[in-house]
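The values are calculated or read from the model by the stated rules, or taken from the named source; none is laboratory data. All of these numbers come straight from a predicted model, not from anything done at the bench. Cβ atoms come from the backbone with ideal geometry, glycine included; neighbour counts cover every protein chain shown. The protein model used for the area step is the full one, side chains on, heavy atoms only, and it has no ligands, DNA or RNA in it. Shrake-Rupley method; radii C 1.70, N 1.55, O 1.52, S 1.80 Å.
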Amino acid sequence: MTGAAGVPAGVPAGYMTGAAGVPAGVPAGYMTGAAGVPVGGGGSGACGSGSCCGEQAGTGAMAYVGVGGGDWVTETTYKYVGGGRGDLSIVAPSKRNYMPCLALLALLVLGVLAICFLMSTPAPSTTVKGPGTPPPQMGECTFWGDPHLITFDGARPSFYGDGEYWIVKNDAVKIQGRFMGTKYTFGLAATQKVAVGGRFIQDHIIVVEPMEEAFGGSILVDNVPVLTQYGTYSVGGAILTYDGNGELPDKAASQWAKNIVHMQLPNGITLTVYRWGNYLDLRIQMRPLPGGQDGTCGNFNGMASDDTTQAIFERIGVRVGQGDMLFKNRAPIMFTEEMSEMLRTDCVADQLLASREHCQKDLPAAASTIQMNSCLYDFCFGMNEHA
């Protein structure tokens, strides 16, 4: 029979428990009931004011193990509290919750990784590209009039002499222009024809001429007229659309009817040709070509300063060589009296001498006086927007 608070009968108030939490004086082999209260050993009376006989008091319990002289195994630690009529208080082993620590550790790891990533990521470049850096974007070269032009790099050379010139020269992409004088320009050349050829259009040759029959009057593919009226034509990966739509490079020409050839060429190249009565305007849009390029549209290297008429001639020659011609034949060169007078009076002696040396080097040995004068005129006045 147990006393108050589960203390065995006969145990004095405040009596301390023995080893393994067994009250002193409890016989060996004394079985415990629920909540570790000893049972047996006399009577089955009330447990006192604690009323804990046979009641569930938490999860702890002591169990007798072994046979005969066994021992008590402590599953829960008890301590006796109070003075005489106290209670047995269960002090359960604390359960450690590691989840907050793990969450904090994970946040710390993520924070360190984020900092490392930000430190290793290069900051946006604020470097200003200097001269000589190839432009990464689409460029435009525009011709108008007699023939004034703006190169891909923004230079403004002029070419006033007659003959066949490189507009864009590349291993695969070849665009040439024929510049010839007109009665309205007193012999100063305007763009009379443009030809496109090379591997990038499977070696086909596209030629666009002015509207008047005296200056050609046709659009040709491999010397065969096409697009005799508005429409579309495809050849070698190129698509030609002929219509009256488009923004003019020279607003002064807006008084005339528009006849415009739009060429969508391979490699993202667009060539727009504006056909007038006896001359052409044109606009070329493209990116720098693999392997480099040169011509009257410049070398597209991001530097306008090396796109002078003289510098272009020194790099590629003053005219298209005989073996590179896309046109069926060469045009006869004209050199008017007005041009001769300008060459005599306005080209200073030192400049004329230097120009002659360049022309003699670049022209064939059998070049005529007119061919020489046409070359000299370009060297002397090529950087003048109006000769």
Practice prompt. Kindly list, by first and then second residue, each pair from a residue in region 372-383 that is free of Cβ contacts under 8 Å to residues at least 12 places away in the same chain to a residue that is hydroxyl-bearing (Ser, Thr, Tyr), limited to pairs with Cβ atoms under 7 Å and residues at least 6 apart or on different chains.
Written response: none
Discussion item. Checking Thr191 against (1) part of a strand (DSSP E or B); (2) in contact with a Pro (Cβ under 8 Å, 6 or more places away or on another chain); (3) surrounded by fewer than 22 Cβ atoms within 10 Å (Cβ to Cβ), only one condition comes out false. Which one?
Written reply: (3)
Item to complete: Go through region 298-311 and give me each residue that's under 18 Å from Thr191 (Cβ atoms) and modelled with pLDDT under 95.
Response: Thr309
Worksheet, complete the sentence: Checked pairs for region 274-300, first among the acidic types (Asp, Glu), second open to solvent by 10 Å² or more (accessible area, probe 1.4 Å) and in a strand (DSSP E or B), C-beta under 6 Å and 6 or more apart or across chains, list as Asp281/Trp144; Asp294/Lys169
Worksheet item: Scanning for something at pLDDT 70 or above, out of contact with any Asp or Glu (no Cβ under 9 Å at 6 or more places or on another chain), small (Gly, Ala, Ser) and open to solvent by less than 80 Å² (accessible area, probe 1.4 Å), does region 137-157 turn up at least one residue?
Response: no
Item to complete: Please work out if Pro210 is closer than 26 Å to Pro157 by Cβ, touching a residue at least 60 places away in the same chain (Cβ under 8 Å), surrounded by fewer than 20 Cβ atoms within 10 Å (Cβ to Cβ) and in contact with a strand residue (DSSP E or B) (Cβ under 7 Å, 6 or more places away or on another chain).
Response: no
Response to the item:
The correct count of residues that are among the charged types (D, E, K, R) and outside any loop (DSSP other than H, G, I, E, B) in region 171-188 is 2
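Test Gly161 against the criterion of being assigned to a strand (DSSP E or B), surrounded by 21 or more Cβ atoms within 10 Å (Cβ to Cβ) and small (Gly, Ala, Ser), and give yes or no. Full working, then the answer.
On the way: assigned to a strand (DSSP E or B): no; surrounded by 21 or more Cβ atoms within 10 Å (Cβ to Cβ): yes; small (Gly, Ala, Ser): yes.
Answer is no for this residue.
On the basis of being open to solvent by 30 Å² or more (accessible area, probe 1.4 Å), under 34 Å from the mean Cα position of the chain (by Cα) and over 19 Å from Ile284 (Cα atoms), does Asp222 make the cut?
Numbers: open to solvent by 30 Å² or more (accessible area, probe 1.4 Å): yes; under 34 Å from the mean Cα position of the chain (by Cα): no; over 19 Å from Ile284 (Cα atoms): yes.
For Asp222, the condition - open to solvent by 30 Å² or more (accessible area, probe 1.4 Å), under 34 Å from the mean Cα position of the chain (by Cα) and over 19 Å from Ile284 (Cα atoms) - is not met.
Residues that are surrounded by 15 or more Cβ atoms within 10 Å (Cβ to Cβ), within 43 Å of the chain's Cα centre (by Cα) and not small (Gly, Ala, Ser): list the helices (runs of 4 or more DSSP H) wholly contained in region 278-387 that include at least 1 such residues.
Numbers: elements: 309-316, 337-346, 349-362, 369-381.
Because the criterion is at least 1 residues that are surrounded by 15 or more Cβ atoms within 10 Å (Cβ to Cβ), within 43 Å of the chain's Cα centre (by Cα) and not small (Gly, Ala, Ser), the helices (runs of 4 or more DSSP H) in region 278-387 that meet it are 309-316, 349-362, 369-381.
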Discussion item. Restricting to region 225-258, count the residues that are surrounded by 15 or more Cβ atoms within 10 Å (Cβ to Cβ), at pLDDT below 95 and either of a type in the set (Asp, Glu) or outside any loop (DSSP other than H, G, I, E, B) (or both).
Written reply: 1
Discussion item. Considering only residues that are under 18 Å from Phe313 (Cβ atoms) and without any contact (Cβ under 8 Å) to a residue 40 or more places away in the chain, which ones fall in region 336-354?
Written reply: Leu343, Cys347, Asp350, Gln351, Leu352, Leu353, Ala354
Worksheet item: Can you name the residue in region 172-190 that is of a type outside the set (A, V, I, L, M, F, W, C) and modelled with pLDDT of 95 or more and, of all such residues, is nearest to the chain's Cα centre (by Cα)?
Response: Lys174
